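Input: a single structure, listed below in structure tokens.
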Amino acid sequence: MTRPDSSYSMSRRHLLATGSGVAAGSALGMLGLGESAVAGPRADADAIVVGAGLAGLVATAELAAAGRRVLLVDQEPEASLGGQAFWSLGGLFFVNSPEQRTAGIKDSIDLARNDWFSNAGFDRGVDDPLGEDYWASRWAEAYLQFAAGEKRAWLAGLGVTWVPIVGWAERGGQLADGPGNSVPRFHLTLGTGPGVMEPFEKLVRTAVAQGKVSFRFRHQVDGITMAGGAVSGVRGSILEPSSAARGTPSSRTKVGDFELRAPIVIVTSGGIGGNQELVRRNWPARLGPPPARLITGVPAHVDGRMLAISEAAGARLVNRDRMWHYTEG
Ligand SMILES: Cc1cc2nc3c(=O)[nH]c(=O)nc-3n(C[C@H](O)[C@H](O)[C@H](O)COP(=O)(O)OP(=O)(O)OC[C@H]3O[C@@H](n4cnc5c(N)ncnc54)[C@H](O)[C@@H]3O)c2cc1C
């Protein structure tokens with residue numbers, strides 16, 4: 001198995017400054033934030049972010065910090081802002097952190113890389129730009145660099161703090177020499193998931209107050225629009241107001257249509273875990289037929305609809321049969 005060049009690194013700021021990659025989740029408009037990414041007179045914003053979960057909040061906060069006007073669109077009511085992150089345990093992956101060192105845990109980027117790459121088993125065209133694992137393996141390398149580099153300081157700078165005892169999640173074989181993390185790397189955030197979400201919600205709400213960001217709740221994206229061969233915005237259904245409590249299913253009754261235009265569209269719509277039909281359709285062949293009974297651990301809004309919508313607009317979906325599902329929710 002070949003590994004991407006380990007000198008390859010992509011910081012958040014590098015990514016935003018150069019547009020050399022795409023944001024968390026799948027992204028259609030590349031984040032080239034040069035002049036061409038600034039909205040023309042016919043656009044509603046510089047960027048549209050589809051999905052106001054943690055990935056959408058982070059992307060929006062970063063865009064606003066870079067001086068861009070953003071529309072943050074979500075099908076759910078405001079009560080569900082933050083998506084799955086609110087329900088999560090907030091365990092974060094850092095490599096060679098002060099917490100690990102205090103506990104006498106000897107970690108390094110090389111050890112973490114070895115754990116990740118041997119566990120992932122990238123084998124679908126790592127060296128072929130059209131291969132399914134080409135970007136997957138490069139993202140893995142970039143994420144390892146991030147987790148061993150600026151990630152902790154960046155979050156600490158935003159006020160996030162962690163329990164001093166490091167947990168040993170994703171151990172795979174449950175033994176140190178089995179698959180998964182060979183040393184403890186699970187840094188539990190004080191305040192759990194909401195503690196991770198809070199600083200980004202604050203940044204976005206501040207940007208809303210400053211007129212840089214505007215929310216569009218109960219706006220369900222049904223399509224990505226194109227003009228001249230490029231993404232030009234999104235269209236969809238305005239859903240009736242809902243008083244559904246956070247995480248509970250909300251009505252899908254449509255009361256109108258909408259269309260929004262921007263030169264950048266970032267899709268941060270979460271996974272497919274709330275859609276058992278989609279999970280069954282993508283079930284890995286090596287595991288045989290999908291089980292008749294599945295347990296869902298994520299809110300109903302994790303419906304995976306945006307995958308087919310993005311694909312219809314030209315996004316390339318990869319590794320559909322490789323899934324990770326939470327059952328704890
Ligand atoms: C119980 C539980 C525990 C977890 N614990 C951890 C942990 O300890 N550590 C860790 O790292 N991760 C953990 N996770 C995983 C982590 O929380 C998620 O991976 C992460 O929060 C996903 O964020 P997201 O923004 O990508 O997606 P989501 O939170 O799912 O947000 C996606 C948003 O997109 C919106 N959307 C989707 N389609 C459309 C559309 N067509 N139009 C408009 N809006 C749309 C949805 O309504 C939603 O608000 C846990 C998850 C769960 C459920």
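Tabulated data for the structure shown
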quantity: Rg in Å to one decimal, and Dmax rounded to a whole Å, for the chain via C-alpha atoms; calculated: 19.9, 59
quantity: Extension gain (nm, one decimal) between THR206 and THR102, 0.36 nm per residue minus Cα-Cα; calculated: 33.8 nm
quantity: The stretch 241-329: trypsin sites (Lys or Arg not before Pro) in DSSP loop, at most 10 other beta carbons within 10 Å; calculated: ARG293, ARG316
quantity: Positive-end residue of THR206, LEU307, VAL234, charge dipole of the chain with Cβ unit charges; calculated: THR206
quantity: Qualifying trypsin sites (Lys or Arg not before Pro) for the stretch 42-113 [loop in DSSP, other Cβ within 10 Å: at most 10]; calculated: ARG42, LYS106
quantity: Relative contact order (%) - the chain, alpha-carbon pairs under 8 angstrom, separation at least six; calculated: 24 percent
quantity: All lysines inside 24 Å of LYS106 as judged from Cα atoms, apart from same-chain residues fewer than 8 positions distant; calculated: LYS151
quantity: Kyte-Doolittle at least 0.0, axis length at least 18 Å by Cα - qualifying DSSP helices, the chain; calculated: 192-209
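No value in this document is a laboratory result; all are computed from the given coordinates. Computed from a predicted model, the values in this text were never measured in an experiment. Quick reminder, even Gly has a Cβ in these numbers, built from the backbone with ideal geometry, and neighbours come from all protein chains shown.
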